[in-house]
Structures are given as C-alpha cells and as structure tokens.
C-alpha cells in the first residue's frame, strides 16, 4: 500500500532535514560563541535534542496514525492548536526558503558566478515540488538513495583532514569557564533542528510502536555525531580563530587538504557538488511538510495542489534577504520560531497525559492512514477516503498506469483502504487501492 | 474525459520540453579552458603611492584609486608555447608571460590586467605567491585578503618572501621548468634534503596565523640569473615582517618547532677530530612548560636519529666510545643551533616557537593574566634545551 515509510526511511528523512545546509558552517556557528569548547555544547545540546525527540515520539504514539496537524488541536484546543500548526506551516516554508537561499548563494560564489540567483533558486524549488508531488513514499525513498551521498564525501574529507588534525587545538578545556559553552546552546539547538519532522512522519510508519522511537533517535543522533566530528576536526585542523573567521569553515577544511605526493586537491568541489544533495533533501522535506500540514489544516483531499502553490511563496521568501547578513538574520528568526514550536509541542505531552487525551486506532499494522479510521477525525476521514478513491478512479480511467498506483496523495489510504490492507497486511505495494477506487466510482 | 486529460498531459509535456530547452541549452557560467588565463605565480611589490587617479596613458598604469599602491605581477601561462612534456619540448618562444600593473587593490590589479591579456586571469592553478620585502615589512594582511577571499585560490599555494623585489624572483629563467613559478614552488618540496629554510607555509597557514595574530616565519627566497635559493626565513610579528633569520638560525627554529624534516648537520670535532656530517633521518621535539616562582620556564627536548654521512678524518666509527663522543658533539651542535634561534626570536620579540600557545594550553589562568604583556615577557623567559642524538648507522666505511 501507499503512504507508508520504513523505519530506516524515517531515520534518514530526519537526518536529511536536520543537516541541510548548516553542517558546512557548524564550526563557525558554534565556535563564534563557545570557542574551542564548542564540542561540549554540541554534546550537551545533542543530549537535550535526543530527550526532546523522545518526548515528541511519545506524543505521536499517543495518537496513532495521526500527524501533528491532527493531534495538536486535540490536545491544545482548536485555537491554540491551530495557531501552533499554522506556525509549523510558516516555519516549514521559511526553513525551505532559507536552505535554498543560503545554498544558492554558496553555489553562486563557487560554481555559478554569472547565473542569476533567481534561476538557481527556481530550479531547486521546482525540482523539489516535482519530487514532493509524488508523496511521502517517493520522498522517503529519494532521501534513502541520497543518504550515502551525504555522509560518504563528508566522511572521506574528514578522514583526509585527520592528517592536519592537532588534538592540542582543543586545549585548554573550559579556559573561560562554562558560560560560553552554555551561551552557545541555542546555536547548537538551531543547527540540530530537523528532528521535529517526526511529528508529521511517525504516522506513516508501518509499525510506529515498534519502530518510531528507535528510528527517530537514530535520525536525531546522526547529526549530533556528525557535527561533533566536524567541529572537532575543523577546530583541530584550522584552529578556533580561523574557524570563526571563515563563513564556510568546512569548505576551508576541504580546501586545506593536501595529501603529500598525490594529486588530491580541491576537494571542496566534491563537497560542494554533494552539498547540492543535502540542501535539496532538506529543503524538499520542509516543502513537503508545509504542504502536508497546510492541506490537512484546510481539510483538503490531497496535498498536491498546495505543493504547486507553495513554490512562489518559497521563492519569494528565499529572494527576500538582500544580502548575507539579512539572510543570516532570517536564519536566526527561523531558528527561534522552530525552537519555540518544538518546545511548545513537547509541552503538549504532559498536557495530553493529564487530560488523558489519546488516539484510538490500532498503532501498528496496516490499518488506515493518518486521519484514518479513528472516530475523532470524522470529517478528515470522509475527505481522505474520497480523495483516495477519486484519484485512483482516475488511475483506472487512464488504464491504471503504474505510476499512479503509488498514490501521490499523502492522505490516501484512509478508511476505505483498510479493506484491502487487511488482506495485504500493510505491505507496501498493493494494487488494492485501484480496485478500491473503481468500486467507489 | 480521459482524452481531455491526455491532451492536458501533452500540453504539460510541451511546456516541460520548452522549459528544459531554455534551461539546459544556455549556460551563464561557461568559461572554456582556452579562454582562461592560467596564473601560475604572483609577485607583490610595493609601488610609489598613487597620487593622481586619472588615465595615465601608459601601458602599466591606468585609472586607479589614490593611496598606497602595490605592483602586482602575474605569471600567465602562454598556451601552445609550453609544449606538452612528451612533445619535442617548447623550445621556441616563451612559455610564460609576466605581466604587471600598479594598483592600490589587488583585485583591481587582476581586473585591470584583463584589459591587457587575451584571457581573463584565472587563479585556480596558482602555485606560488612571492611577497616583496617592502610589502612584508609594511604588513601582509592587506595583500593576503584578496587571496584568502577568492574561492578560486587554493590553500596550498606556497608563500615566499623575496629579499628585494618579488617580481625579479618571478622573472628568473628557470632551467628545469618552463615556468619559474612551478620551479619556485617545487623548491620547498626538498625539505627532506635541506633544513635551511623556514618550514612549509602555505596560504592556509598564513591566513590562519594572521587571523590568530600569532608570529610566523616564511621562507626567504634569494634570486640569481636563472636560479633561486630558499635560504633562511623572514620573521613576522603578526602580519608585519621584522627581520631575517639566517640559514642556520632557521635550522635552529626547525629544531624547536618540531619541524625538522631531514637534511644534514656538519660538526667540527674538537682536538683535530675533523669534520663529520650527520644525516638526519628522524627527529622529534617535545616542548614543556612549568611555572617556577610565578615565571614560566620552557623545556625543549629534542631527540634526533640519523646516519653518519661523512667523517673526514680516519677514526674508527665502530668504536662505541668514538660513536658516543660524536653523538655528544652532534647533540651539542643542535643545542647550540636551537639556542641561537631562541635568542634570535627573543631579540626580535617574536614568539616563533608557539611558547605562548603552550602556556595557554597548560596554564590557561596564568595565560589570561600575562597574555597582553607576553611580548614583554617572552624575550626574558628561560628556555632550556636538551638534546639526545643517536647515530644509527655509519654507512659502508668503518
């Protein structure tokens, strides 16, 4: 069946959303506040982030097969909840825009000096829209394919940089006390943001109760480890002063690699080329989530129309900053927004426990999609079911082209799918949806 | 209904095709390799300050901004003249062209040179930057910014300080290489055979030193008719050159900085023992600091291994007592070199040895107190040098 992701895919999507563009500048972001002790900040904040991940997963598990759009209003009330979810939508749009913009700027600097920024941005937004239009399944699988491309070049560069690495650069530890380390926590938190996507994705897992926590923790932990290694090696190879000074210190790390007796030089080009993938992945995940959350809020049948309505918004937001300082300020605002939203949502768990609010659907197995067969989502259930039915009807019309069976709609697989799912036991590729659609027609 | 959808699909496909044609056919950033003017070397000298900004009507002078000025010389590769290595050699004609201009800004300099070259200067293959002595004495931060800011310049570009004019160095006719810049850059690669010039300093290292404000030493390059020599070092206090280190003083600096990469050491044995040459194969220096009565005391331990390269007087080198004595003298000579270098650094009031950083690592609280007066404290600190030298092999002669 459609609209299910595997546990591995959840982890990969969380990691992709998180690392996006920041990993290239992490030594500067944290180093400018915490100096050479920044690794302590990353370690501490990483612990906090894993704790928050745990809280958010618990919240999701209380409301099986429901995304945050659906369960946040249940817990927080219609108005406050609605505001929170709209906040998420805004945050996702801005995050997508910011990632595309800051990445495009770097592209322009290194590779495409004469290509108009507009073109670089538009190409990315539209490519992203195309991918997102195919739904969570295709998105998750793309991330899975891209994932090795994210970690591999970074790993190779870090490995080669170990030659220049001097551990003594990390000494003395805590020379200025703990104050700078603590003051850098918000920066580290912003860099690690991205785990919040699980709020909208746990609902699509095959077996949430079994997999959600493990996948989410793994997905949130990979950036922590990656940042830690990047930070330590960059500080050890370039020193804290230069790491603070350079806008993209990891590019400088690659720039400084030189293996004696070989022609290995200019590795930053590889890093940049594959940075395309990470930035695109991250921006796409946020693009998808913005469309998903907004379509669920508006009780739309499917998210696709919004997918194609969002690009102008993302484009405008991306083109808004007039220069790099405005862009960095924008990043800061977005990070504060994201931080507020995540912490606000995390506070809903105790609220839900106190008020005893809970979803009702069977958590694991193939039953229904988000907004599926639980009674509390009456309206949503109707509309999703129709949405899935209607679209698959079209598929039947067109002679059932295979592409469409996969179901672009995120919300597809509502109540009506349950029938087939029982037979198919929640397997990924079920042709059932089509028959189902025909029946409806 | 199905047909209508199909026609919609056709329109979509058509739109996509047009869109892709527009996007993939044009490339704003096309810069063909034959249109790039490969810059292999750069020389920066100080020029007369600019007082008139108008058009000068002379080739190497053009409209510019008033203020202190640099003479920027670029060594451009001349395509077709270089002659592939396998070909019959590019004997005919020059392989490279040194073109220079006077500008206050190096960026402007490289831009202005584009009005005189067929191909726009392209820095990605830059091998060496040579700084003239006058520029170095004035401070190199202003000059280095252009190279550090440009994403095209590699960090592994070598930096030398020329005694006198840098462009003369770049202008030499190298025998072994078609390009003097390539020849100059390879000189520093002979560190295993020679230890008499400052250890490798590339653009990345210099950028870092300038950013951290630490003192550094860059290789000095001395130029002849068709050759150049790396000899000694230019001593920088921050980004400003304050003096030269001689060749042996530079060797001493290498000992202290744990940058001894090889090379030789000649010792005149006392009591008519004759000359011996020690071939250094391995060396390791550890520096420690301790506070004694509120003052830092540095202890430099040098452990060196090598072979006997030459022993002019016939002494039995297999006699343990002889070998012991020779080792002793080698150790003393090294100690001497290291001490001379430290004394010289203290004389220049430049902490070339990273002693301040060591103090920061070991005694951060103490460092916070003294860091602002380190310049005054450093010249008087006590530095103890201990050397252990081991002769591992003596060659083929007894």
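The values are calculated or read from the model by the stated rules, or taken from the named source; none is laboratory data. None of these values were measured; they are calculated from a predicted model. Here the Cβ is made from the backbone with ideal geometry for all residues, glycine too, and neighbour counts use every protein chain on show.
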Note on residue B:214: of the conditions (1) part of a loop (DSSP other than H, G, I, E, B); (2) within 19 Å of residue B:125 (Cβ to Cβ); (3) within 14 Å of another protein chain (Cβ to nearest Cβ), unmet is (2)
I need the full set of residues from the stretch A:216-235 which are crowded, with 21+ Cβ neighbours inside 10 Å and either within 14 Å of chain B (Cβ to nearest Cβ) or within 14 Å of the chain's Cα centre (by Cα) (or both), in order please. A:216, A:219, A:220, A:223, A:234, A:235
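Results for (1) within 14 Å of another protein chain (Cβ to nearest Cβ); (2) within 18 Å of residue A:191 (Cβ to Cβ); (3) within 24 Å of the chain's Cα centre (by Cα), shown as yes or no for each residue.
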position: A:93; (1), (2), (3): no, no, yes
position: A:100; (1), (2), (3): no, yes, yes
position: A:103; (1), (2), (3): no, yes, yes
position: A:110; (1), (2), (3): yes, no, no
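Report yes if residue A:192 is assigned by TED's automatic domain parsing to the domain that holds residue A:302 and surrounded by 23 or more Cβ atoms within 10 Å (Cβ to Cβ), otherwise no.
Details: assigned by TED's automatic domain parsing to the domain that holds residue A:302: yes; surrounded by 23 or more Cβ atoms within 10 Å (Cβ to Cβ): yes.
Criteria met by residue A:192.
Does residue B:198 fit the bill of being at pLDDT 90 or above, more than 14 Å from chain A (Cβ to nearest Cβ) and in contact with a strand residue (DSSP E or B) (Cβ under 7 Å, 6 or more places away or on another chain)?
Values: at pLDDT 90 or above: no; more than 14 Å from chain A (Cβ to nearest Cβ): yes; in contact with a strand residue (DSSP E or B) (Cβ under 7 Å, 6 or more places away or on another chain): yes.
No: the conditions fail for residue B:198.
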Looking at residue B:36 and the list (1) more than 23 Å from residue A:120 (Cβ to Cβ); (2) at pLDDT 80 or above; (3) more than 10 Å from chain A (Cβ to nearest Cβ), which single condition is not satisfied? (1)
Count of residues meeting criterion [in a loop (DSSP other than H, G, I, E, B) and over 14 Å from residue B:291 (Cβ atoms)] in the stretch B:356-398: 5
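Tally time: how many residues in the stretch B:146-169 are closer than 30 Å to residue A:111 by Cα, touching a residue at least 24 places away in the same chain (Cβ under 8 Å) and not in a loop (DSSP other than H, G, I, E, B)? Full working, then the answer.
Step one: filter the stretch B:146-169 for residues closer than 30 Å to residue A:111 by Cα, giving B:146-160.
Pick out the ones that are also touching a residue at least 24 places away in the same chain (Cβ under 8 Å) and you get B:146-148, B:150, B:152-160.
This time we only want the ones that are not in a loop (DSSP other than H, G, I, E, B), so: B:146-148, B:158-160.
The qualifying residues number 6.
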Can you name the number of the only condition in (1) in a loop (DSSP other than H, G, I, E, B); (2) in contact with a strand residue (DSSP E or B) (Cβ under 7 Å, 6 or more places away or on another chain) that residue A:176 fails? (2)
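So, restricting to strands (runs of 3 or more DSSP E) that lie completely within the stretch B:239-327, which ones have at least 1 residues that are on the phi > 0 side of the Ramachandran plot and over 35 Å from the mean Cα position of the chain (by Cα)?
Details: elements: B:240-245, B:264-269, B:274-292, B:295-311.
Fully inside the stretch B:239-327 and qualifying: B:274-292.
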Looking at (1) surrounded by fewer than 16 Cβ atoms within 10 Å (Cβ to Cβ); (2) more than 12 Å from chain B (Cβ to nearest Cβ); (3) over 22 Å from residue A:22 (Cα atoms), which is the only condition residue A:182 fails? (3)
Which of the residues belonging to the stretch B:129-152 are under 15 Å from residue B:105 (Cβ atoms) and surrounded by fewer than 17 Cβ atoms within 10 Å (Cβ to Cβ)? B:141, B:142, B:145, B:149, B:150
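Here's the yes/no breakdown for (1) within 14 Å of chain B (Cβ to nearest Cβ); (2) in a loop (DSSP other than H, G, I, E, B); (3) under 25 Å from residue A:292 (Cβ atoms):
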residue	(1), (2), (3)
A:129	yes, no, yes
A:137	no, no, yes
A:142	no, no, yes
A:153	no, no, no
A:160	yes, no, no
A:169	yes, no, no
A:172	yes, yes, no
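Inspect all residues belonging to the stretch A:337-356 and state whether any of them is under 21 Å from residue A:128 (Cβ atoms) and touching a helix residue (DSSP H, G or I) at 6+ places or on another chain (Cβ under 9 Å).
Within the stretch A:337-356, the subset under 21 Å from residue A:128 (Cβ atoms) is A:337-338.
Those left that are additionally touching a helix residue (DSSP H, G or I) at 6+ places or on another chain (Cβ under 9 Å): A:337-338.
Yes, some residue in the stretch A:337-356 is under 21 Å from residue A:128 (Cβ atoms) and touching a helix residue (DSSP H, G or I) at 6+ places or on another chain (Cβ under 9 Å).
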From the residues in the stretch B:353-387 that are surrounded by 20 or more Cβ atoms within 10 Å (Cβ to Cβ) and more than 14 Å from chain A (Cβ to nearest Cβ), which one is farthest from residue B:218 (Cα to Cα)? B:387
So residue B:188 clears everything in (1) crowded, with 18+ Cβ neighbours inside 10 Å; (2) assigned to a loop (DSSP other than H, G, I, E, B); (3) within 14 Å of chain A (Cβ to nearest Cβ); (4) in contact with a strand residue (DSSP E or B) (Cβ under 8 Å, 6 or more places away or on another chain) except one condition, right? Which one? (2)
Where a residue in the stretch A:150-161 is outside the structural domain of residue A:275 (by TED's automatic domain parsing) and its partner, wherever it lies, is part of a helix (DSSP H, G or I) and surrounded by fewer than 16 Cβ atoms within 10 Å (Cβ to Cβ), with Cβ under 6 Å and at least six apart: none
